[in-house]
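The values are calculated or read from the model by the stated rules, or taken from the named source; none is laboratory data. Every value quoted in this text rests on a predicted model; they were computed, and no experiment measured them. Virtual Cβ from ideal backbone geometry, glycine too; neighbours counted across all protein chains shown. When the accessible area is computed, the model is the full protein with side chains, heavy atoms only, and any ligands, DNA or RNA have been set aside. Shrake-Rupley method; radii C 1.70, N 1.55, O 1.52, S 1.80 Å.
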Number of protein chains: 2
Amino acid sequence: MQSTPTQQRVSAYLNQLQERICAKVVALDGTDFKEDSWDRPGGGGGRSRVLTEGRIFERAGVGFSAVFGPQLPPSITSQMPGAKDQEFFATGVSLVFHPRSPHVPTVHMNYRYFETAGNDEQGPTWWFGGGADLTPYYPVREDVIHFHQTLKNACDLHDLAYYPRFKQWCDEYFYLKHRNEPRGVGGIFFDYQTGDFEALFAFVQSCGDSFLEGYPAIVERRHEMPWTEQERDFQLYRRGRYVEFNLVFDRGTTFGLQTNGRTESILMSLPPLVRWVYNWQPEPGSKEAELYEIYLKPTDWLA
Amino acid sequence: MQSTPTQQRVSAYLNQLQERICAKVVALDGTDFKEDSWDRPGGGGGRSRVLTEGRIFERAGVGFSAVFGPQLPPSITSQMPGAKDQEFFATGVSLVFHPRSPHVPTVHMNYRYFETAGNDEQGPTWWFGGGADLTPYYPVREDVIHFHQTLKNACDLHDLAYYPRFKQWCDEYFYLKHRNEPRGVGGIFFDYQTGDFEALFAFVQSCGDSFLEGYPAIVERRHEMPWTEQERDFQLYRRGRYVEFNLVFDRGTTFGLQTNGRTESILMSLPPLVRWVYNWQPEPGSKEAELYEIYLKPTDWLA
């Protein structure tokens with residue numbers, strides 16, 4: 001597949017976004033990322049950056065990839081049957097940060113762009129997808145509001161309908177059906193966005209840029225708060241939900257594993273240390289119960 | 001759905017098998033199981049027994065269930081399309097033991113029986129499935145041989161073709177495609193076995209009974225060996241593969257989550273504490289490398 005100008009422009013932006021976010025994290029944490037560049041046997045490749053055992057982050061992974069191949073994988077064609085047997089190009093940046101402190105939320109962000117060779121029956125021949133969501137352990141309301149507000153600001157620059165629509169999509173997507181629980185306090189999520197390329201590319205750039213306004217401020221506010229062993233245990237326990245979501249439901253993980261992606265890069269979103277406790281329930285009235293009762297409910301945080 | 005005599009006989013056997021195995025574990029470990037009985041809103045229920053923070057076992061879970069409903073879940077009908085919209089009955093016993101010591105292997109065993117209401121197009125209206133497999137961290141060849149030999153002895157009582165066929169099926173089923181790795185050193189696995197009910201029920205009983213001959217002897221041999229922190233870390237790291245297999249590939253887990261089973265009972269197979277390390281590789285010539293090079297390869301252990 002020949003590389004097109006749109007492919008080059010989007011992958012250049014996402015590549016730079018990886019650089020800018022990593023630079024910000026290094027400034028916060030004082031620890032450097034290790035970098036692995038890799039080639040995909042089927043076509044394309046990527047660059048994974050992982051920070052391990054930092055001062056603030058127990059693990060922070062930021063992946064960039066630009067891959068292509070002769071046919072879209074089942075994770076896409078199951079949702080878009082007309083696009084079967086299509087040549088495709090996909091580029092994306094994806095990150096998950098697992099902080100050491102239970103007072104600092106885990107965060108995920110991913111923006112991606114697809115092109116297919118196209119035929120008469122299928123739907124769009126290109127689309128954007130992505131989003132960002134926050135998963136706190138001991139949430140603070142002003143942090144949740146700040147995270148959502150930066151995403152709303154980015155959306156509102158382009159279309160006032162975007163934030164409410166993509167916020168709801170996020171609540172629906174990052175949901176653990178077998179637990180009847182959202183993954184965290186949400187953010188935005190969208191997929192299969194096509195139409196005016198320039199307008200959508202500008203929107204995705206606003207979203208990507210806004211990450212630097214949103215999450216780092218929360219880290220700065222919370223990372224020096226002391227924590228107890230019990231709070232740490234709760235964080236390790238809740239990280240289990242992150243693993244369950246990513247391995248059972250997440251579209252990016254499924255896409256990666258189905259396209260014979262680089263397993264270590266796909267699974268670098270998993271937390272470094274995780275605890276499962278059989279049939280654990282929070283004590284009524286505790287901070288842990290508050291997470292479930294107040295924060296793990298779809299809520300209009302900016303109301 | 002009316003309970004049939006075959007349903008009653010099989011679930012009585014599996015229920016007793018849960019009792020016998022738990023009694024053996026209590027005798028080994030000195031710690032009692034906690035028991036939860038539960039009802040499934042859609043029909044039926046079960047009894048989960050979990051031993052936590054024992055002397056030998058960090059977690060040991062043994063579940064029994066007998067459930068029914070108006071239609072088989074997609075995890076079955078995807079493999080047996082004729083059986084769609086069938087009333088079904090399913091009973092099973094399932095266990096996973098996670099020992100504290102990296103010198104004691106993790107073990108899994110599951111035997112199950114299905115009945116459907118039946119129609120002209122579908123395949124069998126009843127079938128057995130199940131198996132047992134061993135996942136060592138620092139394997140000892142005689143333990144692997146002992147485990148396989150007890151399973152072969154059980155198989156050989158019924159059909160000399162069973163052990164080689166079901167051993168290969170196990171190697172194929174407990175395989176992490178995204179890692180190009182088997183889960184452990186295998187055992188036996190079979191599904192959709194139908195035909196002569198009495199012969200197959202007797203075979204499943206031999207298999208179930210053989211568990212008591214196989215795994216406990218390995219525990220007795222190894223649980224008092226001292227271990228290092230590095231060996232413990234390797235165990236926690238390898239437990240990550242168990243999580244990946246169970247959440248991404250395992251048919252029992254998928255069946256449970258799709259039938260709105262009791263999540264805590266389905267996921268009690270997950271290890272209590274797990275570590276993921278980005279891009280970890282064993283040192284050449286180490287005991288850890290030996291696991292990958294010698295034991296994580298489909299091998300005829302009884303040759």
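Tabulated data
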{"read-out": "Subset of A:Lys167/A:Lys287; A:Lys177/B:Lys84; A:Lys177/B:Lys297; B:Lys34/B:Lys177; A:Lys167/B:Lys177; B:Lys152/B:Lys297 violating a 27 Å alpha-carbon distance limit", "value": "A:Lys177/B:Lys297; B:Lys34/B:Lys177; A:Lys167/B:Lys177"}
{"read-out": "Within 10 Å of each Cβ in B:262-268, the average number of Cβ atoms from other chains", "value": "4"}
{"read-out": "Point-to-point label distance, A:Thr125-A:Ala199, nm (Cα→Cβ direction, 7 Å offset)", "value": "2.0 nm"}
{"read-out": "Accessible-area value, B:Trp38, 1.4 Å probe, nucleic acids and ligands omitted, Å²", "value": "40 Å²"}
{"read-out": "B:Asp159 versus B:Trp38: modelled label distance in nm, points set 7 Å from Cα along the beta carbon direction", "value": "3.4 nm"}
{"read-out": "DSSP H segments from chain B that extend 20 Å or more along their own axis, Cα-based, with Kyte-Doolittle mean of -0.5 or above", "value": "B:5-29, B:197-222"}
{"read-out": "Mean separation of Cα contacts under 8 Å, 6 or more apart, over the residue count of chain A: relative contact order %", "value": "17 percent"}
{"read-out": "Helical mean residue ellipticity (222 nm; -39500 (n - 2.57) per DSSP H run of 4+; nearest 500) of chain B", "value": "-12500 deg cm²/dmol"}
{"read-out": "Partner chain coverage, peptide A:44-55 - average Cβ within 10 angstrom", "value": "1"}
{"read-out": "Inter-copy spacing of B:Lys297 label points, which lie 7 Å from Cα along Cα→Cβ, given in nm from shortest upward", "value": "5.8"}
{"read-out": "Table column - 3J(HN,Hα) (Hz), the stretch A:277-287, Karplus curve with 6.51, -1.76, 1.60, x for Gly and Pro", "value": "10, 5, 6, 6, 10, x, 6, x, x, 7, 4"}
{"read-out": "Magnitude of the charge dipole, the stretch B:139-279, Cβ model with Lys/Arg +1 and Asp/Glu -1, debye to 20", "value": "560 debye"}
{"read-out": "Charge-dipole axis of the protein assembly as shown as Lys and Arg at +1 and Asp and Glu at -1 on Cβ define it, positive-most pick from B:Thr263, B:Leu200, B:Pro102", "value": "B:Pro102"}
{"read-out": "Heavy-atom accessible area ranking, 1.4 Å probe, most first, across A:Glu181, A:Glu53", "value": "A:Glu53, A:Glu181"}
{"read-out": "Copy-to-copy label separations for B:Arg179, where each label sits 7 Å from Cα toward Cβ, in nm and ascending", "value": "2.2"}
{"read-out": "7 Å along Cα→Cβ, label-point gaps from A:Tyr237 to other copies, nm, shortest first", "value": "2.9"}
